[in-house]
Amino acid sequence: MTIVRRSVSTLFLSLFFLPAMTVHAEDFLKQGKKIAEEGNGSPGSVACMECHRLNGGGMPSIGSPRIAGQTAAYIEHEILGVQKGTRYAPVMAGVVNNLSKKDIRSVALYYASVRTPKLPDVSPPDQALVGLGKHIAQKGLWKKNVPACVLCHGPNGRGVPPHFPYIEGQNKGYLLRQLVSFAFLKRKDDPQGLMRGIARRLSQRERKAVAEYFASLTPPAAAGRGN
């Protein structure tokens with residue numbers, strides 16, 4: 001009887017709190033969409049959609065990344081990294097510095113929930129580089145101690161939450177800029193410095209090839225879940 005009472009009590013509490021949890025999540029999503037559209041109302045606040053678009057498709061023309069369907073945990077981690085200075089993003093720094101932790105959680109949940117088709121990149125895939133990029137992505141360059149990208153980012157770069165984002169279908173300008181940032185600049189939010197070491201060991205042509213290959217693919221429906 002004790003076990004039965006506990007089960008009934010657990011079920012009752014779950015049913016009692018579920019509507020409240022749903023409303024709470026809806027409030028976060030509503031606030032996140034508002035910040036994406038208008039900013040958070042603070043002086044100098046900029047709407048996320050100015051660079052990432054309301055549905056998270058990004059702006060390939062300026063190398064602004066696609067974030068639609070990226071995990072909320074990853075988006076939140078990266079925004080906090082920009083605030084702390086561990087992620088090199090001078091443009092983003094001025095945008096997110098006035099966001100509170102609640103703002104960040106809200107906008108992360110919002111962009112994790114939206115979906116949008118891939119936007120046209122700045123140019124068609126460079127087929128001369130796509131083949132090399134595919135080889136590096138799937139097999140690595142072991143003579144340079146460079147592992148295959150898919151070992152961390154998952155099949156075709158579909159993402160392995162929470163630490164490894166999807167890069168399948170990301171725009172080439174953003175991908176290349178991040179590889180350069182890891183190699184030479186101040187991006188240092190990668191687990192155990194893994195990406196910094198890999199990016200430094202790749203040549204300029206190899207970094208561009210990797211960006212071309214992943215940009216030539218179709219984005220996943222959501223990080224880590226495939227199409």
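The values are calculated or read from the model by the stated rules, or taken from the named source; none is laboratory data. A quick note: this is a predicted structure, and the numbers were derived from the prediction, not measured. As a convention, Cβ positions derive from the backbone with ideal geometry for all residues, glycine included, and neighbour counts pool all protein chains shown.
Couple of notes before you dig in:
- Residue satisfying condition, being closer than 18 Å to E26 by Cα and in a loop (DSSP other than H, G, I, E, B), within set G57, G69: G69
- R205 satisfies every condition listed in (1) touching a residue at least 40 places away in the same chain (Cβ under 8 Å); (2) among the basic types (K, R); (3) closer than 23 Å to G58 by Cα; (4) in contact with a Leu (Cβ under 9 Å, 6 or more places away or on another chain) except (3).
- Out of P161, P165, one residue alone is surrounded by fewer than 22 Cβ atoms within 10 Å (Cβ to Cβ), under 16 Å from I67 (Cβ atoms) and in the same structural domain as I198 (by TED's automatic domain parsing). It is P161.
- Some residue of region 14-21 being in a loop (DSSP other than H, G, I, E, B), surrounded by fewer than 20 Cβ atoms within 10 Å (Cβ to Cβ), modelled with pLDDT under 95 and not assigned by TED's automatic domain parsing to the domain that holds G173: no
- From the options E78, E38, E50, residue that is out of contact with any Pro (no Cβ under 9 Å at 6 or more places or on another chain), closer than 23 Å to R177 by Cα and of a type in the set (D, E, K, R): E50
- Matching entry among Q178, Q192 (being at positive phi and assigned to a helix (DSSP H, G or I)): Q192
- Residues of region 141-155 that are within 19 Å of L202 (Cβ to Cβ) and touching a residue at least 24 places away in the same chain (Cβ under 8 Å): L141, K144, N145, V146, P147, C149, C152.
- E206 meets all of the listed conditions (1) part of a helix (DSSP H, G or I); (2) within 25 Å of A93 (Cα to Cα) but one, namely (2).
- Candidate set: region 142-159, residues that are part of a helix (DSSP H, G or I) and farther than 21 Å from P60 by Cβ; chosen: the one nearest to the chain's Cα centre (by Cα): C152
- Conditions (1) touching a His at 6+ places or on another chain (Cβ under 8 Å); (2) without any contact (Cβ under 8 Å) to a residue 24 or more places away in the chain: number failed by Y166: (2)
- Restricting attention to region 100-141 and to residues that are in contact with a Phe, Trp or Tyr (Cβ under 9 Å, 6 or more places away or on another chain) and of a type in the set (K, R), the residue that is farthest from G32 (Cα to Cα) turns out to be K134.
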